[in-house]
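To keep things clear, I will list the structure first and then write my remarks on it.
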Amino acid sequence: MRQSKLFTKTRREAPTDEVSKNAKLLIRAGYIAKEMAGVYSFLPLGLRVLNKVMDIIREEMNAVGGQELRLSALQEPSAWAKTGRWQDDAIDVWFKTKLKNGNDIGLATTHEEPLTVIMKQHIASYKDLPVYAYQIQTKFRNELRAKSGLLRVREFIMKDMYSFSRDDAEHEKFYEKSKSAYKNVFDRVGLGDRTYITFASGGSFSKYSHEFQTISEAGEDIIYVDKEKHIAVNKEVYTDDVLKDLNLKKKELSLKKAIEVGNIFSLGTRFSEALGLSYKDKKGEDRLVVMGSYGIGPERVMGTVVEVLSDGKGIVWPESIAPFRIHLIDLSSGNKKVRDYAEELYEDLLQEKIEVLFDDRDVRAGEKFADADLIGIPYRAVVSEKTMEEGKIEVVDRKNGKTRMLAEAQLYSL
């Protein structure tokens, strides 16, 4: 991508109607555009990052046997009424409207009900189980107060997986695999050391559910962290009995604010019973399918990365999800020889299939450097008259600010 052709522009000033760090930086750097409170559009740079986050999630879900599908956002009430979740006192964030014929319809906030209904067409025998189905799809939630940029919104992309198992033992086996898959996701997007598996309320289906909480002052949740064991307890279940059950000691826990970036929980047979999802076991007897639900918000992950990894100059993307690997800066200042070399280097990087944003704009060096810091691509490679005289390329690591003079061949192995 040539920066001169990139239609988005950086902004020096933060938007006045945003208070969160992630929204301010992502808007200033040209990654997202605000449509209204709690609703954002993803611009070319932002979409590149979001797609990389979703690809990582997709790879980890596939690795544990997930099968991807896509369910409709539009939902009619019947299935939801059977589980008691169509009424606003059960789910208070529904967006609802009516069709032209007067029938009620809603925009799904989650998809346990519709997927359970679909599975009735495909699950009849124990031989049809287990099934692990997931989607990466747009959700809608009529939040009373959307805030915190990408962390609490009204329209967003969610990866939601649902497991369908023969019994509790089979369910628990997959539940543990999903924990590992989630840990892999957060490790790969650069949040692993700051993200704790957190014990939370399991409702009526299990002793605990598990949240994945990333330590951040921007977070809305309060958790108690055991850094040594790398686990935490949500404030909602922080009792002496729970600490004893988990073999945790109060004196070894520290209170932290955190962002919930994922969650997994058991559903038992609540939805399969209400919607009639059963199978015949080896004895030919009818048994209810045991279910689980597993969620990650890719946009929220993206916002969290910005919250916890940015610095005073701008965004600092981990290499795994950065929009480009190298930000090539042309400082030819009218020198045709330098300009031609920068162009040649850009083409060579493309030939090597290295993702590169080429700042070929006719603007001052200071503006280029400030934009590079704001945009946050991992490596800044500078071509100038001085570097050409030395036969090197100046490379700055965005993460730590270290500068190296590298030969061109070394650039390809960054």
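The values are calculated or read from the model by the stated rules, or taken from the named source; none is laboratory data. Everything numeric here is computed off the predicted structure, so don't read it as measured data. Note that we place each Cβ from the backbone using ideal geometry, even for glycine, and neighbour counts take in every protein chain shown.
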Here the residues within region 374-399 that are of a type in the set (Gly, Ala, Ser) and within 21 Å of residue 313 (Cβ to Cβ) are 376, 381, 384
Exactly one of 79, 29, 33 is surrounded by fewer than 19 Cβ atoms within 10 Å (Cβ to Cβ), assigned by TED's automatic domain parsing to the domain that holds residue 163 and of a type in the set (A, V, I, L, M, F, W, C), and that residue is 33
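Considering each residue of region 299-354, count those that are basic (Lys, Arg), surrounded by fewer than 19 Cβ atoms within 10 Å (Cβ to Cβ) and not in a loop (DSSP other than H, G, I, E, B), and give that number. Even if it seems obvious, please write down each step before you answer.
The initial filter retains those residues of region 299-354 that are basic (Lys, Arg), namely 300, 313, 325, 336-337, 339, 353.
Within this subset, residues satisfying the condition of being surrounded by fewer than 19 Cβ atoms within 10 Å (Cβ to Cβ) are 313, 325, 336-337, 339, 353.
Next cut, not in a loop (DSSP other than H, G, I, E, B) only: 336-337, 339.
Matching residues across region 299-354 total 3.
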A careful count of residues in region 373-414 that are surrounded by 15 or more Cβ atoms within 10 Å (Cβ to Cβ), in a strand (DSSP E or B) and among the aliphatic types (A, V, I, L, M) gives 7
A careful count of residues in region 191-220 that are among the charged types (D, E, K, R) and in contact with a Ser or Thr (Cβ under 8 Å, 6 or more places away or on another chain) gives 3
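In contact with an Asp or Glu (Cβ under 9 Å, 6 or more places away or on another chain), assigned to a loop (DSSP other than H, G, I, E, B) and touching a residue at least 24 places away in the same chain (Cβ under 8 Å): is that true of residue 203 in this structure?
Working: in contact with an Asp or Glu (Cβ under 9 Å, 6 or more places away or on another chain): no; assigned to a loop (DSSP other than H, G, I, E, B): yes; touching a residue at least 24 places away in the same chain (Cβ under 8 Å): yes.
So residue 203 fails the test.
Looking at region 76-190, what strands (runs of 3 or more DSSP E) fall wholly within it and have at least 2 residues that are in contact (Cβ under 8 Å) with a residue 40 or more places away in the chain and in contact with a helix residue (DSSP H, G or I) (Cβ under 6 Å, 6 or more places away or on another chain)?
131-140, 155-165
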Among strands (runs of 3 or more DSSP E) completely within region 231-289, the ones holding 3 or more residues that are surrounded by fewer than 20 Cβ atoms within 10 Å (Cβ to Cβ) are 254-268, 286-288
Residues in region 245-265 that are without any contact (Cβ under 8 Å) to a residue 40 or more places away in the chain and either touching a helix residue (DSSP H, G or I) at 6+ places or on another chain (Cβ under 9 Å) or under 28 Å from residue 174 (Cβ atoms) (or both) total 7
Does any residue of region 185-196 turn out to be farther than 30 Å from residue 33 by Cβ, touching a Gly at 6+ places or on another chain (Cβ under 9 Å) and surrounded by fewer than 19 Cβ atoms within 10 Å (Cβ to Cβ)?
no
